[in-house]
1. Rounded to whole Å and sorted largest first, what semi-axes of the equivalent ellipsoid does the C-alpha gyration tensor of the range 157-208 yield via the square root of 5 times each eigenvalue?
2. Indicate the gyration tensor shape class of the range 28-161 (rounded, prolate or oblate), computed on the Cα atoms with a ≥ b ≥ c the square roots of the eigenvalues: a/c under 1.5 is rounded; otherwise a/b larger than b/c is prolate and the rest oblate.
3. Let's test the formula: R0 of 30 Å, r as the Cβ-Cβ distance of Glu65 and Leu3. What FRET efficiency results, to the nearest 0.05?
4. What part of the accessible area of the range 1-92, given as a whole %, is carbon or sulfur when the probe is 1.4 angstrom?
5. In square angstrom, what is the accessible area per residue of the range 63-113 with a 1.4 angstrom probe?
6. Work out the FRET efficiency for Asp231 and Ile174 from their Cβ-Cβ distance, taking R0 = 30 Å, and round it to the nearest 0.05.
7. Specify whether the C-alpha gyration tensor of the range 104-219 places it in the rounded, prolate or oblate class, a ≥ b ≥ c being the square roots of the eigenvalues: rounded for a/c under 1.5, otherwise prolate if a/b is larger than b/c and oblate if not.
8. Using the Kirkwood formula over every pair of different C-alpha atoms, what hydrodynamic radius in Å results for the range 1-65?
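The values are calculated or read from the model by the stated rules, or taken from the named source; none is laboratory data. Predicted, not measured: the structure shown is a model, and the values here were computed from it. Cβ coordinates were reconstructed from backbone atoms using ideal geometry, including for glycine residues, and neighbour counts include every protein chain displayed. Remember, those area values only see protein heavy atoms, side chains included, never the ligands or the DNA or RNA. Shrake-Rupley method; radii C 1.70, N 1.55, O 1.52, S 1.80 Å.
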Amino acid sequence: MSLEPRYVCSVDIGGTKIASAILEYPASGGRPQVVYSAEVPTCAQEGGEAVYARIEGAIRAALEEKPELRVLGVGLGSAGVVDPKTGAIAYANAIMPGWSGIELGPRLREALNMPVEVIGDVQAHALGEAHWGAGRGHYSVLCLGIGTGIGGGYVEDGRAMRGFHGAAGHMGHIECTAAAGIDCACGRSGHLESVASGTSIGRMFDERYGRVDGSRPSVGRDVNDLCCAGDERGVDVIHDAGFSLGASLGSLANILDPEVIVLSGGVIHGKDGWRSVTLVGRLSTAPHLALQSSGAARRACALLIQGDLQHLGRPWKPHTSG
């Protein structure tokens, strides 16, 4: 076993920002520490090639900022569906136009001449929670991020379930009885995201009671704030969203049998509104429920490279050109 700390560059690619970091993994095996971090805007509307250029630039800036460190490789968590075989972007929606088809993993391996692994951002989030967040120490972790939309991932024995096409984790788009006939952002209807995401919670409040702030549509955090203050209107909407979420999580628990379920994201900051008897009661098949918002996703990206990858799926194979 190496007595020296290990360093990994990590990148989180979202529709709004690109966050980069260098993490130090202590030789003792303790929690990794951020030794460098930075953010740049994604400027997604400029197209996929422009976004790729910003990502490569962010990585080079991180490596140049810490030239004294021997960085083992780069781990990236990206919006969109990532091809698990190559690390290319198989699909991305209109939030990131032109991102579909970008050969992210292969191009970075060639440009940087170092190991590179790419995974979907929701899967990276789940890995982070499982290794360093609310799921730490548990054999299996089902993780859902409840924010503008809903995404998630399932980790068992340290490995993230990615699916044949790399699309595992789109849990916001499972069928939900309460959402029947309600349009979803994906273009279909009847999905959990339509009644339990922050966007949907705001919409439901406005439909029932009018806007919290007359100058703009309500969002989930507005309704959560009302709920935490004891406003019966906020309690009503959060109760219904929590019931729908709990029912869907109960179904997932019956299928996957996770040891722990972790909920995170901006909407979960509603605290007591989400720790309702309704939500927990619907999770009768789950042995434990943790409600936590965590920064573990960025650390998860680095986990894809840290060490010899023995716990995290397929090993990196050297890229040869020419």
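1. Working: eigenvalues 139, 29, 15 Å².
After scaling each eigenvalue by five and taking roots: 26, 12, 9 Å.
2. On the way: a/c = 1.74, a/b = 1.15, b/c = 1.52.
Judged from the Cα gyration tensor, the range 28-161 comes out oblate (a/c at least 1.5, b/c at or above a/b).
3. Efficiency, from the Cβ-Cβ distance: 0.75.
4. Values: 2200 of 4280 Å².
The nonpolar share, carbon plus sulfur, comes to 51 percent.
5. Numbers: 2420 Å² over 51 residues.
Normalised by residue count, the accessible surface of the range 63-113 is 48 Å².
6. Given R0 = 30 Å and the Cβ-Cβ separation, E is 0.50.
7. Numbers: a/c = 2.22, a/b = 1.88, b/c = 1.18.
The shape class here is prolate.
8. Numbers: mean 1/r = 0.0782 Å⁻¹.
One over the average 1/r among Cα pairs gives 12.8 Å for the range 1-65.
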